[in-house]
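Right, one structure below, let's go through it.
The values are calculated or read from the model by the stated rules, or taken from the named source; none is laboratory data. Treat the numbers as computed from the prediction; the structure is a model and nothing was measured. With ideal geometry, Cβ positions are generated from the backbone for all residues, glycine too; neighbour counts draw on all protein chains shown.
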Amino acid sequence: MNNLTIRLALLIPFGEELVVGGWNQLFPRGFYDNFPTVDLTPPFSEHFARDFGGATLGLALILGIALVKPKTHFVVPAALAYLAFAVPHFFFHLLNMDAASHGQKMFLTIGNAAVALFALAAIALAVGRDRRSAE
């Protein structure tokens, strides 16, 4: 696989982290009030939202480095760091959907699974590329 495919696999998690992180960091109340499904698990905490925004922007930064320079030694740690968030996040929503509508349940399940799968794909593509080039 070429670098373009790896970049495309990283683009979704990077974009998600950049938007969610920036919104939380800069406009935490607006994020809580307007981002789909966040209000399903109250209460709002500006401190927590800003801290989460900063951490999420940190993930966006390392994903962005891997996106610009898709070397395996950047891609694998960036995608694993993202997965350290994305996998527990997926299971949290999967197990805590009592207040969600059917549409919200579908959005949360499919959306959270998809972004995690993009990160897994980036790892597989980068490692596979390196194995092929070593042969």
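Laid out as a table, the results:
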read-out: Set Ala81, Ala122: member being small (Gly, Ala, Ser) and touching a residue at least 24 places away in the same chain (Cβ under 8 Å); value: Ala122
read-out: Test for Thr5: is it at positive phi and either touching a residue at least 12 places away in the same chain (Cβ under 8 Å) or touching a Ser or Thr at 6+ places or on another chain (Cβ under 8 Å) (or both); value: no
read-out: Some residue of region 91-104 being touching a residue at least 60 places away in the same chain (Cβ under 8 Å) and touching a Ser or Thr at 6+ places or on another chain (Cβ under 6 Å); value: yes
read-out: Some residue of region 110-123 being surrounded by 14 or more Cβ atoms within 10 Å (Cβ to Cβ) and in contact with a His (Cβ under 7 Å, 6 or more places away or on another chain); value: yes
read-out: Residues of region 53-86 satisfying the condition of being more than 12 Å from Ala119 (Cβ to Cβ), of a type in the set (A, V, I, L, M) and surrounded by fewer than 19 Cβ atoms within 10 Å (Cβ to Cβ); value: Ala55, Leu57, Leu61, Ile65, Val68
read-out: The listed residue being modelled with pLDDT of 95 or more and in contact with a Phe, Trp or Tyr (Cβ under 8 Å, 6 or more places away or on another chain), out of Leu59, Leu83; value: Leu59
read-out: Flag if Met97 is surrounded by fewer than 18 Cβ atoms within 10 Å (Cβ to Cβ), in contact with a Lys or Arg (Cβ under 8 Å, 6 or more places away or on another chain) and over 26 Å from Asn2 (Cα atoms); value: yes
read-out: Sole residue being touching a Lys or Arg at 6+ places or on another chain (Cβ under 9 Å), in a helix (DSSP H, G or I) and over 24 Å from Gly30 (Cα atoms), chosen from Ala126, Ala113; value: Ala126
read-out: Selection from region 5-49 of residues that are exposed (fewer than 15 other Cβ atoms within 10 Å of the Cβ) and charged (D, E, K, R); value: Arg29, Asp33, Asp39, Glu46
